[in-house]
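Note sheet for the following structure.
The values are calculated or read from the model by the stated rules, or taken from the named source; none is laboratory data. These numbers come from a predicted model, not from an experiment. We place every Cβ from the backbone using ideal geometry, glycine too, and count neighbours over all the protein chains shown. Remember, those area values only see protein heavy atoms, side chains included, never the ligands or the DNA or RNA. Shrake-Rupley method; radii C 1.70, N 1.55, O 1.52, S 1.80 Å.
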Amino acid sequence: MPAVLHATAGHVLTLTLNRPEALNALTPDQRDEIVRQLSEASADPAVRAVVITGTGRGFCAGADLRGTGTSGERLAGDVARALRTGAQRLIGAVLDCEKPVIAAVNGTAAGLGAHLALACDLVLAAESARFIEVFVRRGLVPDGGGAYLLPRLIGPQRAKELMFFGDALTAADAERLGLVNRVVRDEELEKTAHAWAGRLASGPTRALALTKQLVNASLDTDRAAAFAAEAAAQEINMTTADAQDGVRSFVERRGAEFEGR
């Protein structure tokens, strides 16, 4: 079976990590496949929302470190280059995908796996889910965008607590801190994720893409730049058929019918 399953139904692309025997620890090939799928989804009008999940007991246990030992000569720049082209490229692909991405976290999400989930636009967690900033347990600095994502989601003090101690965070605690949108029973996770994705897929696709772009950039810019970006996004969006029908539907007192264009 492929290590990443992919299927599109009802304009929703579902990407399923499929190495349950390794708690879906990510190999370089899996990582590259997810990046490719997300890039193609951005340009594919048949895809209007994405769900990322895993098989078995784990969402993703992080990067698969087998075969990446410390033996052998390492040149200056090797580690940074590997991060740029690997973990950081993966997280960037989620953040930059032009379609809304939902994480359906079905079990352990550790290290890069936690950051993969937290980079998504919406996060659903099964009651059995656990989020672990595992890096400190291995004497490592958090990577895969963790020190960028976490402070923006929960503030620097909470982020440091998770990263300094590396304790497992339950789904309920993750929801309380604001890392998770909603916790559901394990047996309800898939159904809920696809219900949310279905709602997104029936929405104004370009407006959602521009909204995602504005929100993701908002914490990295000042008010003047944010207002300018907002005006530019609205200008672009008003050329879309969905926006035009949305305005007409308001005047005509009917529901809008969005087609994703």
Looking only at the range 189-223, which residues are among the β-branched types (V, I, T) and touching a Leu at 6+ places or on another chain (Cβ under 9 Å)?
-> T192
Pairs where the first residue, in the range 75-89, is under 20 Å from V35 (Cβ atoms) and the second is basic (K, R), C-beta under 8 Å, 6+ apart | G86/R31; A87/R31; R89/R31
Restricting the search to the range 216-259, which residues are surrounded by 14 or more Cβ atoms within 10 Å (Cβ to Cβ) and in contact (Cβ under 8 Å) with a residue 60 or more places away in the chain?
-> N216
Inter-residue pairs, beta-carbon under 6 Å, first closer than 13 Å to L23 by Cα and in the range 106-134, second among the β-branched types (V, I, T), 6+ apart = N106/T53; A110/I132; A110/V134; G111/V134; A129/V105; R130/T108
Given the conditions (1) loosely packed, with under 15 Cβ neighbours inside 10 Å; (2) within 24 Å of the chain's Cα centre (by Cα); (3) among the charged types (D, E, K, R), and given that E190 satisfies all but one, which numbered condition is not satisfied?
-> (1)
Pick out the one residue from A243, A217, A207 that is in contact with a Pro (Cβ under 8 Å, 6 or more places away or on another chain) and either under 20 Å from S42 (Cβ atoms) or among the β-branched types (V, I, T) (or both).
-> A243
Could you list, in sequence order, the residues of the range 164-178 that are open to solvent by 50 Å² or more (accessible area, probe 1.4 Å) and either in contact with a Leu (Cβ under 9 Å, 6 or more places away or on another chain) or on the phi > 0 side of the Ramachandran plot (or both)?
-> D173
Being among the acidic types (D, E) and surrounded by fewer than 21 Cβ atoms within 10 Å (Cβ to Cβ) narrows E133, E161 down to just E161
Are any residues in the range 9-30 within 29 Å of R199 (Cβ to Cβ) and either surrounded by 15 or more Cβ atoms within 10 Å (Cβ to Cβ) or of a type in the set (K, R) (or both), and if so, which ones?
-> H11, V12, L13, T14, L15, T16, L17, N18, N24, L26, Q30
Determine which single condition A22 fails, assuming it passes every other condition in (1) out of contact with any helix residue (DSSP H, G or I) (no Cβ under 7 Å at 6 or more places or on another chain); (2) small (G, A, S); (3) over 16 Å from R66 (Cβ atoms).
-> (3)
Meets criteria (of a type outside the set (D, E), out of contact with any Lys or Arg (no Cβ under 7 Å at 6 or more places or on another chain) and exposed (fewer than 14 other Cβ atoms within 10 Å of the Cβ)) for V184 | no
Subset of the range 35-56 [in contact with a His (Cβ under 9 Å, 6 or more places away or on another chain), closer than 19 Å to L124 by Cα and open to solvent by less than 10 Å² (accessible area, probe 1.4 Å)] = A49, V51
Pick out, from the range 57-114, the strands (runs of 3 or more DSSP E) lying fully within it that include 1 or more residues that are surrounded by fewer than 19 Cβ atoms within 10 Å (Cβ to Cβ) and modelled with pLDDT under 95.
-> none
